[in-house]
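Step one of this worksheet: look at the structure below.
The values are calculated or read from the model by the stated rules, or taken from the named source; none is laboratory data. The shown structure was predicted, so the numbers you read here are calculated from the model rather than taken from an experiment. Here the Cβ is made from the backbone with ideal geometry for all residues, glycine too, and neighbour counts use every protein chain on show. The accessibility values were calculated without ligands, DNA or RNA, using every heavy atom of the protein model including side chains. Shrake-Rupley method; radii C 1.70, N 1.55, O 1.52, S 1.80 Å.
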Amino acid sequence: MISFVSFASALSVFRWAGCALVVGAVVLPAQLNAQTGSANPVRIGVVGPFTGPSADFGVPMLNGIKLAVDEINAVGGYLGRPLELVIKDDTANPDEGRKVSQDLLKEKVVAAIGFCNTGVAMKAIDLFQDARTPLIVPCSSGTAVTAKYPPADSYIFRVQARDALQAPFMVDDILKRGWDKVAIFADTTGYGEGGYNDVVAALAAKNLKPVYASRFALGVKDLSAELTAARNAGANVVFSYTVGPENAVIANGKKALGWKVPQVGAWPLSFPNFIDGAKDAAEGALMVQTFIAEPSNERRAAFLSSYTRKYQGRVAVPMAAANAYDATYLLMYSLLGIRDGNLNGKAIKESLEGKMKTYYGVVSTYEKPFSVEDKDAITRNMLVIGAVKNGAITFAYPEDAKRNLIIQRKQ
């Protein structure tokens, strides 16, 4: 039986706990330290935007994966075999993402973790599906990512709140605040397109329509005309769906117009390229979060302590790092659930779908996070509303901060 405890101990501190070894914030199975006589590494692919316009959340994703792998390897890896990462940079470019994914699959990885940008993911996930190589997506939130294939056949898993969860969650919040005249600003990437559709659907479920909608290409520097039109349409809130500095263009454009309406959206409003790019214009923006970097319990305190110690600074996008850290442990647990040690794609897929032990993670307690019919680990009850305050992300509601003391399980 695998059990867990939480405490903010140093990574190098181990102790015997019945049938488990304690590492950092997590207790790992004792058999993880068993020696098989084989030093052949278990190769795991990683693909994401580690340079370019989306590196602000691609790098924290990679760091979260590396942190988990270092902890696992410190106690023996997979039955004495170290985990080895094969890392490919997609630069947030769909064509490059497909190319490096092809290269990755040639390197005999047993599974992969990756993708931050929905457009990049959608260009490449067929390669993993056709190769029957399980892929766990920790960042890309586009609803289509886990909807492209019939669930029972799909090798695509996700540890992230899909936009079909994030959009209605935020719509419910803004309506509670009395903001019912919504202007949508969404880019024309796969992410923006999917997010736009999810917001429109969430509003329609409340018998509402956006009073204004703007679609724009990435790289736009001025949206003042569109913002003026949204103001003239009577909008009392701007719902933005874009990744990158375009969120800051919207915030700065509102400020220049003297238009003091709130800006809300999905998780990219927590990214540095928004907060640093908009500065005081970002203050008060609201966004959906699965994880906020506050030490609300011992697991999260230990994770944050280990991360800042290893990478010498705060987490640029905590949600990307935490989701990726948990995704790495879920993959490790799936490997441990394969009794005959044959780490083929089908066996890993079936283990992820229900044969592995409970993992007490940072974002959630993962008790059967996936199934044959469900490839998304995150459910609505795990979400909170974050807010920009003094240049950082905190809880928008004190009650969420209190609720966050207890890590939620999938519903």
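With respect to the conditions (1) under 23 Å from the mean Cα position of the chain (by Cα); (2) assigned to a loop (DSSP other than H, G, I, E, B); (3) of a type in the set (Asp, Glu), Asp222 lacks only one, and its number is (1). Of all residues in segment 307-333, those satisfying the criterion of being open to solvent by less than 10 Å² (accessible area, probe 1.4 Å) and of a type in the set (S, T, N, Q) are Asn323, Thr328. Among the candidates Thr133, Thr91, the residue that is over 20 Å from Asn40 (Cβ atoms), assigned to a loop (DSSP other than H, G, I, E, B) and either touching a strand residue (DSSP E or B) at 6+ places or on another chain (Cβ under 9 Å) or modelled with pLDDT of 95 or more (or both) is uniquely Thr91. Condition check: at pLDDT 95 or above, within 17 Å of Pro138 (Cβ to Cβ) and not charged (D, E, K, R). Does Gly77 satisfy that? No, not satisfied.
Of all residues in segment 239-259, exactly one satisfies the criterion of being in a strand (DSSP E or B) and within 16 Å of Gly277 (Cβ to Cβ), namely Ser240.
Considering segment 104-126, the residues that are outside any helix (DSSP H, G or I), more than 22 Å from Glu353 (Cβ to Cβ) and in contact with a strand residue (DSSP E or B) (Cβ under 9 Å, 6 or more places away or on another chain) include one that is most open to solvent (accessible area, probe 1.4 Å), namely Lys108. Among the conditions (1) among the aliphatic types (A, V, I, L, M); (2) under 20 Å from Leu165 (Cα atoms); (3) in contact with a helix residue (DSSP H, G or I) (Cβ under 9 Å, 6 or more places away or on another chain), Ala204 misses just one, which is (3).
Glu294 fulfils the conditions (1) surrounded by 20 or more Cβ atoms within 10 Å (Cβ to Cβ); (2) in contact (Cβ under 8 Å) with a residue 60 or more places away in the chain except for a single criterion, (1). From the list Leu135, Leu105, Leu67, the lone residue that is within 20 Å of Pro318 (Cβ to Cβ) and aliphatic (A, V, I, L, M) is Leu67. Scanning segment 67-103 for residues that are buried (at least 18 other Cβ atoms within 10 Å of the Cβ), under 18 Å from Asn323 (Cβ atoms) and among the acidic types (Asp, Glu) returns Glu71, Asp90.
So that you can scan it fast, the table gives a plain yes or no per residue for (1) at negative phi; (2) under 15 Å from the mean Cα position of the chain (by Cα); (3) among the charged types (D, E, K, R):
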residue	(1), (2), (3)
Ala321	yes, yes, no
Ala324	yes, yes, no
Tyr329	yes, yes, no
Tyr333	yes, no, no
Leu343	yes, no, no
Glu350	yes, no, yes
Lys357	yes, no, yes
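Among the residues making up segment 127-145, those that are among the hydroxyl-bearing types (Ser, Thr, Tyr) and crowded, with 24+ Cβ neighbours inside 10 Å are Ser140, Ser141. Take the residues in segment 48-65 that are in contact with a strand residue (DSSP E or B) (Cβ under 7 Å, 6 or more places away or on another chain) and not in a loop (DSSP other than H, G, I, E, B), then tell me which one is surrounded by the most Cβ atoms within 10 Å (Cβ to Cβ). For segment 48-65, the residue satisfying everything is Gly48. Sub-9 Å Cβ pairs linking a first residue in segment 260-284 that is touching a residue at least 24 places away in the same chain (Cβ under 8 Å) and assigned to a loop (DSSP other than H, G, I, E, B) to a second residue that is open to solvent by 20 Å² or more (accessible area, probe 1.4 Å) and among the basic types (Lys, Arg), at least 6 apart or interchain, are Val261/Arg231; Pro262/Arg177; Glu283/Lys389; Gly284/Lys389, ordered by first then second residue. State whether one or more residues within segment 334-342 are crowded, with 18+ Cβ neighbours inside 10 Å, in contact with a Phe, Trp or Tyr (Cβ under 7 Å, 6 or more places away or on another chain) and touching a residue at least 40 places away in the same chain (Cβ under 8 Å). Checked segment 334-342: at least one residue is crowded, with 18+ Cβ neighbours inside 10 Å, in contact with a Phe, Trp or Tyr (Cβ under 7 Å, 6 or more places away or on another chain) and touching a residue at least 40 places away in the same chain (Cβ under 8 Å). For segment 292-411, the helices (runs of 4 or more DSSP H) that sit wholly inside it and include 3 or more residues that are of a type in the set (Gly, Ala, Ser) and more than 25 Å from Leu269 (Cβ to Cβ) are 298-311. In segment 171-198, what count of residues is obtained for those that are among the hydroxyl-bearing types (Ser, Thr, Tyr) and either in a helix (DSSP H, G or I) or at positive phi (or both)? The number of residues fulfilling the criteria is 2.
One line per residue, one yes/no per condition, for (1) under 30 Å from Gly354 (Cα atoms); (2) surrounded by 19 or more Cβ atoms within 10 Å (Cβ to Cβ); (3) out of contact with any Asp or Glu (no Cβ under 8 Å at 6 or more places or on another chain):
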position	(1), (2), (3)
Tyr149	yes, no, yes
Asp163	yes, yes, no
Met170	no, yes, yes
Arg177	no, no, yes
Ala186	no, yes, no
Asp198	yes, yes, no
Lys209	no, no, yes
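With respect to being assigned to a helix (DSSP H, G or I) and either under 29 Å from Pro94 (Cβ atoms) or free of Cβ contacts under 8 Å to residues at least 12 places away in the same chain (or both), Ala167 fits the description. Scoring Ser351 on the criteria (1) open to solvent by 10 Å² or more (accessible area, probe 1.4 Å); (2) in contact (Cβ under 8 Å) with a residue 12 or more places away in the chain leaves a single failure, condition (1).
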